[in-house]
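Undergrad: Could you have a look at this structure, given as structure tokens, before my questions?
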Amino acid sequence: MLSLIKQEGVVFDAWKLLTLAGSQLAGTVSLPVGPLLVPVAVWHARRRELVEREYAHGWPLGVWLGAGEGAKAIADDLDDFSVVAVHFPKATDGRGCITARLLRRHYGYRGELRAFGELSSEQVFYLRHSGFDAFTLRADQAARELGAGLRDLNKAPKVATRQPLRLVPRCPATELPRLQNTRAA
């Protein structure tokens, strides 16, 4: 089972990640029991069944977005998900960061936002600033590798976009009265 980095600690990941193999169809794939992360295609094909399953058994429901699927694909249904996960097929693929920012800032998603796939410790720092709050480890990845990126958050200087903009006059204060008089005239 995969591990999950959440709130700077490693926890057990009880969620099952459903993927579609080449011959499987979204409308007919078998759904395992328990907390489930489904691809967007399965969500669109079996929305009613998944929501009924959540209410009948109390199993949380989540959805995951592929690299090419944007936040708009699930924007109207965000209230139905406990977790939204975004897949990173390559460590250099930044589309997931844009998706996270849109989900948090534009669509107001407040639930768990999870990154999974090819993640590096250097990338975790930026993913956290984009809005992700959980990171799934691959089987070959050590928790300390990604955890180092989270610990770096506390050491790093504040990002410029988070700091208020200070307006400073370009001329000395002694020149301000003279400039104001010339503008008034």
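The values are calculated or read from the model by the stated rules, or taken from the named source; none is laboratory data. Here the structure is a predicted model, which is why all the values come from computation and not from measurement. Here the Cβ positions follow ideal geometry from the backbone for every residue, glycine too, while neighbour counts run over all protein chains shown. These area figures cover heavy atoms from the full protein model, side chains too; ligands, DNA and RNA do not enter into them. Shrake-Rupley method; radii C 1.70, N 1.55, O 1.52, S 1.80 Å.
Undergrad: Rank these residues by their accessible area, most exposed first, probe 1.4 Å: Tyr109, Tyr55, Tyr126. Don't jump to the answer; show the numbers that get you there.
TA: On the way: Tyr109 10, Tyr55 175, Tyr126 145 Å².
Per-residue accessible area, sorted high to low, gives Tyr55, Tyr126, Tyr109.
Undergrad: Run the numbers for His129 and Lys6: contour at 0.36 nm per residue of separation, minus the present Cα-Cα distance, in nm. Provide the component values of the computation, followed by the final result.
TA: Values: separation 123, 0.36 × 123 = 44.28 nm, distance 1.44 nm.
Gain on stretching His129 to Lys6: 42.8 nm.
Undergrad: Let me ask you something else. Under the rule of at least 5 residues apart or a separate chain, name every residue whose amide H is placed under 5 Å from the amide H of Val86.
TA: Those qualifying (amide H under 5 Å, at least 5 residues apart or on another chain) are Leu65, Arg114, Ala115, Phe116.
Undergrad: Could you order Trp15, Trp43, Trp59 by accessible surface area, starting with the largest, using a probe radius of 1.4 Å?
TA: Values: Trp15 40, Trp43 0, Trp59 65 Å².
Sorted descending by solvent-accessible area, the residues read Trp59, Trp15, Trp43.
Undergrad: Could you tell me the accessible area of Glu52 in Å² (1.4 Å probe, neighbours in place), rounded to the nearest ten?
TA: Rounded to the nearest 10, that gives 100 Å².
Undergrad: Using θ = phi - 60° and the Karplus curve 6.51 cos²θ - 1.76 cosθ + 1.60, what whole-Hz ³J(HN,Hα) does each residue of segment 121-133 get, with Gly and Pro shown as x?
TA: Working through the residues one at a time gives 5, 5, 6, 4, 4, 6, 4, 4, 5, 7, x, 6, 10 Hz.
Undergrad: Give the dimensionless ratio obtained when the Cα radius of gyration of segment 1-150 is divided by 2.2 N^0.38 Å.
TA: Numbers: Rg = 14.8 Å, N = 150, 2.2 N^0.38 = 14.8 Å.
Computed over Cα atoms of segment 1-150, the ratio equals 1.00.
Undergrad: Pop out the ³J(HN,Hα) list for segment 53-69 in order, Karplus 6.51 cos²θ - 1.76 cosθ + 1.60 with θ = phi - 60°, rounded to Hz; leave Gly and Pro as x.
TA: In residue order, the calculated couplings are 4, 5, 6, 6, 10, x, 7, x, 10, x, 10, 10, 9, x, 4, x, 9 Hz.
Undergrad: When the Karplus curve 6.51 cos²θ - 1.76 cosθ + 1.60 is applied with θ = phi - 60°, which whole-Hz ³J(HN,Hα) does each residue of segment 29-40 get, with x for Gly and Pro?
TA: Ordered by residue, 3J(HN,Hα) equals 5, 6, 9, x, 7, x, x, 9, 9, 10, x, 4 Hz.
Undergrad: Calculate the FRET efficiency for Val51 and Ala75 from the Cβ-Cβ distance with a Förster distance of 22 Å, rounded to the nearest 0.05.
TA: Numbers: r = 17 Å, r/R0 = 0.76.
Efficiency, rounded to the nearest 0.05: 0.85.
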